[in-house]
Amino acid sequence: MSFKIIASVGLGIGFGYLFLSPDILQHTDIIIDIGLCILLFFVGIDMGRNKEAFSKIKKMGLKILLVPFMIGLGSIIGSVVGGFLLNLPVNESSAVGAGFGWYTLSSMMLMKYSSELSALAFISNVAREIIALISIPFIARYIGDLEAISPAGATAMDTSLPIISNATNSKTAIIAFITGVILSSSVPILVPILINL
């Protein structure tokens with residue numbers, strides 16, 4: 001799956017560079033939104049077919065919230081450690097990590113604080129998503145299903161969900177969706193709090 005993703009991105013870059021005119025490129029946002037909605041619709045159908053997954057998740061109860069909590073905590077701690085290596089203050093590095101892979105929102109929120117920090121948030125969160133798309137199948141295969149959710153962060157509810165669903169099972173896909181919703185909801189709360197510490 002990872003190789004298919006890399007090949008698709010490579011083909012898209014080549015196709016866009018060689019064949020698409022600037023007029024068409026103005027509408028790529030709409031095309032991407034439609035494609036993503038169709039993709040998520042089919043992932044939803046696959047999740048809905050497995051009725052056992054919902055009952056297993058009900059049995060887990062509130063323990064399911066540990067997954068997004070630990071992913072969020074690990075992301076922020078990891079970014080603080082990375083910030084020490086880059087000589088960044090703790091508030092800046094933790095705010096970048098609190099983007100959880102949602103590069104558009106976190107970078108725009110940090111633009112008010114600093115354009116350099118905004119660029120760092122954008123690059124690091126884009127890199128997180130790319131690494132997630134490539135690594136999720138390997139993590140699912142060699143480490144575990146729940147662990148495969150962690151690289152995705154906030155994108156576990158949208159762009160990374162089809163990869164997680166394909167690499168794991170319906171139960172994990174539902175947990176990934178819940179995790180993505182919680183982490184995405186946390187970004188607009190945590191980024192301003194952490195940057196103002």
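The values are calculated or read from the model by the stated rules, or taken from the named source; none is laboratory data. No experiment lies behind these values; they were computed from the predicted model shown. Every residue, glycine among them, receives a Cβ derived from its backbone with ideal geometry; neighbour counts consider all protein chains shown. SASA here: full protein model, heavy atoms, side chains in, ligands and nucleic acids out. Shrake-Rupley method; radii C 1.70, N 1.55, O 1.52, S 1.80 Å.
What the table shows:
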read-out: Enumeration of residues in region 153-170 that are open to solvent by less than 20 Å² (accessible area, probe 1.4 Å) and either within 16 Å of LEU73 (Cβ to Cβ) or hydrophobic (A, V, I, L, M, F, W, C) (or both); value: GLY153, ALA154, ALA156, LEU161, ILE163, ILE164
read-out: Residue match in region 81-100 (condition: touching a Phe, Trp or Tyr at 6+ places or on another chain (Cβ under 6 Å), aromatic (Phe, Trp, Tyr) and under 22 Å from ALA152 (Cβ atoms)); value: no
read-out: Pair list, Cβ < 6 Å and 6+ apart or interchain, from region 167-185 residues that are under 12 Å from ALA140 (Cα atoms) to residues that are open to solvent by less than 60 Å² (accessible area, probe 1.4 Å) and not in a helix (DSSP H, G or I); value: THR168/ASP145; THR172/ASP145
read-out: Looking only at region 104-145, and only at residues there that are more than 24 Å from SER165 (Cα to Cα) and in contact with a Pro (Cβ under 7 Å, 6 or more places away or on another chain), the one that is modelled with the lowest pLDDT; value: LEU105
read-out: Unmet requirement for LEU120, which otherwise passes all of (1) in contact (Cβ under 8 Å) with a residue 40 or more places away in the chain; (2) within 24 Å of SER185 (Cβ to Cβ); (3) out of contact with any Ser or Thr (no Cβ under 6 Å at 6 or more places or on another chain); value: (1)
read-out: Cβ-Cβ under 9 Å pairs, at least 6 apart or on other chains, region 37-61 side of a type in the set (Gly, Ala, Ser) and in a helix (DSSP H, G or I), far side open to solvent by less than 50 Å² (accessible area, probe 1.4 Å) and modelled with pLDDT under 70; value: ALA53/MET47
read-out: Complete set of residues in region 77-92 that are within 18 Å of the chain's Cα centre (by Cα) and either outside any helix (DSSP H, G or I) or crowded, with 18+ Cβ neighbours inside 10 Å (or both); value: SER79
read-out: Test: residue in region 125-133 that is surrounded by fewer than 18 Cβ atoms within 10 Å (Cβ to Cβ), in contact (Cβ under 8 Å) with a residue 12 or more places away in the chain and β-branched (Val, Ile, Thr); value: yes
read-out: LYS63 basic (Lys, Arg) and either closer than 18 Å to GLY180 by Cβ or open to solvent by less than 50 Å² (accessible area, probe 1.4 Å) (or both); value: yes
read-out: Test set (1) in contact with a Lys or Arg (Cβ under 9 Å, 6 or more places away or on another chain); (2) closer than 21 Å to ILE189 by Cα; (3) among the aliphatic types (A, V, I, L, M) - ILE57 fails condition number; value: (2)
read-out: Checklist (1) open to solvent by less than 30 Å² (accessible area, probe 1.4 Å); (2) out of contact with any Ser or Thr (no Cβ under 8 Å at 6 or more places or on another chain); (3) among the aliphatic types (A, V, I, L, M) applied to ALA173, failing item; value: (2)
